[in-house]
Amino acid sequence: MKNNILALFLFLMLSHSAFANVTLPNLFSDNMVLQRNTEVTIWGWANPQEEVVITPSWNHEVYKIKANNQAKWEIKIPTLKEGGPYTISIKGYNEIVLKNILIGEVWICSGQSNMEMSVGWGIKNGEEEAKMANNPNIRFFTVPKITATSPQNNVPGSWTESTPETMRNFSAAGYFFAKRLQEELKNVPIGLISSNWGGTPAEIWTPEEVIQKDAVLLESAKTRKEESYGPNQPGRAFNAMIYPLVGFKIAGVIWYQGESNVGSTVYDKTFSALITSWRKLWNYDFPFYYVQIAPYQYGEDHFGGVEIRNAQRKVLQEVPNTGMVLTTDISTVDDIHPKDKKTVGTRLANLALVKIYKTNTDLINGPLYKDIKIEKNKVIVAFDYAEGLHFTTKKSNQFEIAGADNVFYIADASIKNNTVQLKSKKVAHPVKVRFSWKNTAQSDLFNNANLPASSFITE
């Protein structure tokens, strides 16, 4: 009889520990940052119908939820203004206490190698910047390179504070983005989730069904070559490196990608589908700010590089709540990985500071093509953000015009009333304009914020 009772007791103890423990995704760990002034979703797993009690130290309220029949639970909890460090107790049959939690601004940093690039890669002034990177109010979560054929519910990793060691291996553009935000936001905590993979096309970061359901996107995706350094199949990185983050409340996304899509004629459609699909899953139109790829010698027998830059420019008009920064003035055409990542991160942050945080009203965009007006043999080109329009060369040869035959000739360009006026003796009746239309072209047109104009071609 005594042996039977002992056996029953051991069975209950073992089954209790095997099946009842509350567990969390790795995204919820010590040192994490939660989005301020909102409701955040916290989720995890437990026994079906097990009650889970969550107590955050910033308000000491008690929140209760029962796990469903899929052994999952999730609950929304309000956050206050920026602050910390806090703790969160999550208790079922066991208890997890998350420590050193901050409340602030959370951003995802994603894309390919130019977003992945860290001090360890040899960025400009990297080691000097790393020495000054001790900042417990900047936190990092790095998603490892993994793929999956279906959406995953967890991702390896944990949150860490910014130190010279952790910053050295983190996205440099992301770090400088956070650093610039903090300068203006008076040390509001910044959490960065870095999820990127060098050499990858946009299709692998897009849900597979989005590509499969669109004949144009699918046809373009089929042209992606198999590479040794990363996947080319639609959705593979998205499933493993983005989908597990869905639901984690973010302020927005910064993105640097496009080089691996050079050759695509539908990148604007592909990129727009990526942004739209992410927002649909998060269920809100968060800001999405991105970097236009730099001039590079992809080959002068085609326009593959500048066509991607133009596609990125077009996405600004096609997708709301987006922003783009240019790099033509801080890059060299013989390096596909420009080393000045501080300027990139700073320019991305300046977009957020003006558009979201409203801390200043500085001019943050370079001149962007608006429209053309044709007067006989003359073309007048208007730009947005054209205050103080000027050339950095004595004579610009980057504007070209074409007639109905679609043959382009270099135009004589002059600036008048913050517009560019174009003529060519070879084109009596101009109908089209293009600017800086070479893969290696570095814009010579700037505004009074000393920001370069984007390349463009009129439709």
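Quick check on region 286-325: of everything there that is part of a loop (DSSP other than H, G, I, E, B) and touching a strand residue (DSSP E or B) at 6+ places or on another chain (Cβ under 6 Å), which residue is nearest to residue 337 (Cα to Cα)? Checking each candidate, the answer is 292. Could you tell me whether any residue of region 143-151 is basic (Lys, Arg), surrounded by fewer than 24 Cβ atoms within 10 Å (Cβ to Cβ), in a loop (DSSP other than H, G, I, E, B) and without any contact (Cβ under 8 Å) to a residue 24 or more places away in the chain? There is no residue in region 143-151 that is basic (Lys, Arg), surrounded by fewer than 24 Cβ atoms within 10 Å (Cβ to Cβ), in a loop (DSSP other than H, G, I, E, B) and without any contact (Cβ under 8 Å) to a residue 24 or more places away in the chain. Listed by position, the strands (runs of 3 or more DSSP E) inside region 389-459 whose residues that are touching a residue at least 60 places away in the same chain (Cβ under 8 Å) and not acidic (Asp, Glu) number at least 3 form an empty set. Does residue 105 count as surrounded by 18 or more Cβ atoms within 10 Å (Cβ to Cβ), of a type in the set (Asp, Glu) and part of a strand (DSSP E or B)? Here the answer is yes, as residue 105 does meet what is asked.
I'd like the full set of residues that are over 29 Å from residue 28 (Cβ atoms), in contact (Cβ under 8 Å) with a residue 60 or more places away in the chain and not in a helix (DSSP H, G or I), limited to region 109-139. Correct list: 122, 123, 124, 125. Of the residues making up region 372-382, those that are surrounded by fewer than 22 Cβ atoms within 10 Å (Cβ to Cβ) and of a type in the set (A, V, I, L, M, F, W, C) are 372, 374, 380, 382. Within the set 369, 357, the sole residue that is of a type in the set (Phe, Trp, Tyr) and buried (at least 21 other Cβ atoms within 10 Å of the Cβ) turns out to be 369.
Residue count for region 181-201, restricted to those that are buried (at least 24 other Cβ atoms within 10 Å of the Cβ) and under 18 Å from residue 134 (Cβ atoms): 5.
Out of curiosity, is residue 261 closer than 18 Å to residue 196 by Cβ, touching a helix residue (DSSP H, G or I) at 6+ places or on another chain (Cβ under 7 Å) and at pLDDT 95 or above? Yes.
Annotation note: Cβ proximity below 8 Å between a residue of region 292-305 that is farther than 21 Å from residue 173 by Cβ and a residue that is part of a loop (DSSP other than H, G, I, E, B) and among the acidic types (Asp, Glu) (sequence gap 6+ or interchain) occurs for 297/334.
The values are calculated or read from the model by the stated rules, or taken from the named source; none is laboratory data. Just so you know, these numbers come straight off a predicted model, no measurement behind them. Cβ coordinates were reconstructed from backbone atoms using ideal geometry, including for glycine residues, and neighbour counts include every protein chain displayed.
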